[in-house]
Amino acid sequence: MIHVERRAGSRLATGVCAAVLAIVVYPGSAQTSTHKKKAPPPHEPTSAELFDYMHGAMLAYSAEDQVNDNLEISIDPTATVLTIKQPDGHCDIFLSALDANTIVWDVYDASDSMQTRAPLARLTVDAIAGKKARTCYDADNNIDPSTPTSRARILFSWEKIPDGSGFQTKFTKALKKLIKLSGGMTDKDIFK
């Protein structure tokens, strides 16, 4: 009987050693598979790339009511002043004076007492306290004193924006990044 117990003991010892070796070898091989090269960080768009996207969107989704049309969109060489030309003049939006935390969208009825117009998607962003968000000029290039300078607005044709396209989210994200790159107040989550 003692002889049988020794065999059982040696079998048990052999099994335990094999298990220990399997545990040591198996995780070691797993480590090599987890040490893969890290993916390069995602490409951060430049001011020029952000402007190109916004420029295309503002022209593609522009109203065509002869009043709120985005006729020309340009940005200065420092990428801090966005100029939007409309039929009645133009506005210079000072990106470095904007607060990215204040961007809101609404649907605006552009009709007046003389004419019914299609609804507009209107993006509004406020200026940092003590700064001007925009200066608007009439068709003769005179400053329009009736336009509030504490906020900037960008208009789009509500009907042209495709349903489910995520356009408002994408445009907001691009504008926030452009505001950040131009030196404006960056977007931050105040509820963290």
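The values are calculated or read from the model by the stated rules, or taken from the named source; none is laboratory data. Everything quoted here is computed from the prediction, not taken from an experiment. Backbone-built Cβ (ideal geometry, glycine too); neighbour counts: all protein chains shown.
Tabulated data
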| quantity | calculated |
| --- | --- |
| Unique match (being in a helix (DSSP H, G or I) and either among the charged types (D, E, K, R) or not assigned by TED's automatic domain parsing to the domain that holds Ile103 (or both)) among Lys177, Lys131, Lys160 | Lys177 |
| Only one of Ala118, Ala110 that is at pLDDT below 95, out of contact with any Leu (no Cβ under 7 Å at 6 or more places or on another chain) and closer than 19 Å to Leu71 by Cβ | Ala118 |
| Meets criteria (exposed (fewer than 15 other Cβ atoms within 10 Å of the Cβ), within 23 Å of Phe51 (Cα to Cα) and hydrophobic (A, V, I, L, M, F, W, C)) for Val104 | yes |
| Selection from the stretch 38-86 of residues that are closer than 26 Å to Asp140 by Cα and of a type in the set (A, V, I, L, M, F, W, C) | Met58, Leu59, Ala63, Val67, Leu71, Ile73, Ile75, Ala79, Val81, Leu82, Ile84 |
